[in-house]
Amino acid sequence: MLKLELPMKVLSRNVLDRQHWAVKRKEKQHWCLLVRNQMRLNKVRFTEEKEKHSIEIISYRSRKLDYDNLVGGCKYLIDSLIDEKLIYDDAPDYLDIKISQQIDKKQRTVVVINEK
């Protein structure tokens, strides 16, 4: 089991949809940088081809979002996990995912990864 604590909250899908394409690109690059940093600090190995993983994403935020906005907002985070080779793919054959949210004053995102 691996736990990554990322010091950024997941934005809602509504916020992401309203952003300019260049801002969206920077958002995804920021997630990639945070994931890469945590992988280096925790000395995480790259995933082997076609490994199946189970991940849980917990968003700590000041107020809760609608569930569909939360899940849609996790897109760039999940894409960055794939780009940094922490998981193989987000297809159901390779990934079981659970997304939840908690209220907390310290806004952050925690990703717990279990290899199957």
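Here is how the numbers come out for the structure above:
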| read-out | value |
| --- | --- |
| Residue under evaluation Lys98, criteria (1) touching a helix residue (DSSP H, G or I) at 6+ places or on another chain (Cβ under 9 Å); (2) of a type in the set (Lys, Arg); (3) modelled with pLDDT of 95 or more, criterion not met | (1) |
| Condition check for Val10: in contact with a Leu (Cβ under 8 Å, 6 or more places away or on another chain), among the β-branched types (Val, Ile, Thr) and in a helix (DSSP H, G or I) | no |
| Val15 surrounded by fewer than 18 Cβ atoms within 10 Å (Cβ to Cβ), part of a helix (DSSP H, G or I) and either touching a Lys or Arg at 6+ places or on another chain (Cβ under 6 Å) or on the phi < 0 side of the Ramachandran plot (or both) | yes |
| Which numbered condition Arg40 fails, given (1) modelled with pLDDT of 95 or more; (2) not in a strand (DSSP E or B) | (1) |
| Criterion (aromatic (Phe, Trp, Tyr) and in contact (Cβ under 8 Å) with a residue 60 or more places away in the chain) met by exactly one of Tyr60, Tyr76 | Tyr76 |
| Among the residues listed as Arg25, Arg45, the single one being more than 26 Å from Ile103 (Cα to Cα), open to solvent by 30 Å² or more (accessible area, probe 1.4 Å) and not in a loop (DSSP other than H, G, I, E, B) | Arg25 |
| Meets criteria (assigned to a helix (DSSP H, G or I), open to solvent by 40 Å² or more (accessible area, probe 1.4 Å) and of a type in the set (A, V, I, L, M, F, W, C)) for Val71 | yes |
| Within the stretch 88-112, considering residues that are among the aliphatic types (A, V, I, L, M) and out of contact with any Asp or Glu (no Cβ under 8 Å at 6 or more places or on another chain), the one farthest from Leu6 (Cα to Cα) | Ala91 |
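The values are calculated or read from the model by the stated rules, or taken from the named source; none is laboratory data. Keep in mind that what you see is a predicted model, and the values were worked out from it rather than measured. For neighbour counting, all protein chains shown are included, and Cβ atoms are generated from backbone atoms with ideal geometry for every residue, glycine included. What goes into the accessible areas is simple: the full protein's heavy atoms, side chains included, and nothing from ligands, DNA or RNA. Shrake-Rupley method; radii C 1.70, N 1.55, O 1.52, S 1.80 Å.
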